[in-house]
Amino acid sequence: MVQETADGTPARATELLRLHRDPALLSVVNVWDVISAEVVAAVDGTRALATASHSIASSLGYEDGERIPVDLMLEAVGRIVASTDLPVSADLEGGYGDAAETVRRAIGLGVVGANIEDQMKPVAEAAAQVEAIMRAAEAEGVPDFVLNARTDAFALGRGRDKAEVLADAVERGRAFLDAGAPVVFVPARLDEQQVTTLVDAFGPQRLTTIAIPGTPPLARLEELGVARVSFGPMSQNVALTALQELVEEVQRGGGVPPTMRVLN
């Protein structure tokens, strides 16, 4: 039996999937609490929101890497979802021991997409996890759930031959797409040739990337057929940099910069 979901959840999932399939690049500046979500959502052109697990964890005093209790993470995500009418994708790390169950619980909060890390599990095991997640989403009445199936080939492959790491990312991404994931997330400082290789392997509008300094500009990523680009914890780092710069200015005898906006 299909479970009841939060009002509008299936429709928001369908819209989020459409945004990924659209040739126009979907850019999401990641959020970590209600006020950051409201600020990002209020900017013209924002079409969806995505949480950053690292940022949520650090804001609550936890290190990244599933150190935060899953209940606390989901509570934070649920508050963000409740603050907006936009589709929300949640960064749920590796799934906190049971990825399909964690996604099921997130859907109950109105989440319509998720990043789930493969943590370089054996390919067959990681693909089976993708299948389980998509089955859970369909059982919850959200067949268009946008699983952003993340491979940690680059993140955990530092020091290895770059060509071998890229080949691993291609193999894993193809396996995740075959298992039902609509898009594959390859977080890394990718150059244009690496992006082209991944898009050629997955197909256009199937690759998502992260906007690490040194990666191709957003307009070029769109031209190459990337579906989505996110900013991970960098959006929080930008906000904290502004805070630190304010403190430094105060210590010099200054005050609030004239560029400050009253946002809440």
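In the range 27-54, the residue that is surrounded by the most Cβ atoms within 10 Å (Cβ to Cβ) out of those that are in a loop (DSSP other than H, G, I, E, B) and of a type outside the set (A, V, I, L, M, F, W, C) is N30. Condition check for A57 on (1) over 21 Å from V184 (Cα atoms); (2) in contact (Cβ under 8 Å) with a residue 24 or more places away in the chain; (3) surrounded by 19 or more Cβ atoms within 10 Å (Cβ to Cβ): one failure, at (2). The range 72-187 holds no strands (runs of 3 or more DSSP E) entirely within its bounds that carry 3 or more residues that are over 18 Å from the mean Cα position of the chain (by Cα). Within the range 60-71, the set of residues being in contact (Cβ under 8 Å) with a residue 12 or more places away in the chain and assigned to a helix (DSSP H, G or I) comprises V70 only. Being without any contact (Cβ under 8 Å) to a residue 60 or more places away in the chain, over 20 Å from G95 (Cα atoms), out of contact with any Pro (no Cβ under 9 Å at 6 or more places or on another chain) and in a loop (DSSP other than H, G, I, E, B) is a property that holds for G214.
Among the residues of the range 219-238, the ones that are part of a helix (DSSP H, G or I), surrounded by 14 or more Cβ atoms within 10 Å (Cβ to Cβ) and of a type in the set (A, V, I, L, M, F, W, C) come to 3 in all.
Against the test of being touching a residue at least 12 places away in the same chain (Cβ under 8 Å) and surrounded by fewer than 13 Cβ atoms within 10 Å (Cβ to Cβ), the options D168, D161, D178 yield a single qualifying residue, D178.
Condition check for G214 on (1) of a type outside the set (K, R); (2) surrounded by fewer than 18 Cβ atoms within 10 Å (Cβ to Cβ); (3) closer than 30 Å to A136 by Cα: one failure, at (3). With the requirement that a residue be in contact (Cβ under 8 Å) with a residue 60 or more places away in the chain and among the aliphatic types (A, V, I, L, M), what does the range 181-198 give you? Scanning the range 181-198 gives a single hit, V183. Going by the conditions given, is V262 surrounded by fewer than 18 Cβ atoms within 10 Å (Cβ to Cβ) and of a type outside the set (G, A, S)? When the stated conditions are applied, V262 passes them.
Values in this text are rule-based calculations from the coordinates and carry no lab data. What you are looking at is a predicted structure, and each value in this text was computed from that prediction instead of being measured. Every residue, glycine as well, gets a Cβ built from its backbone with ideal geometry; the counts of neighbours run over all protein chains shown.
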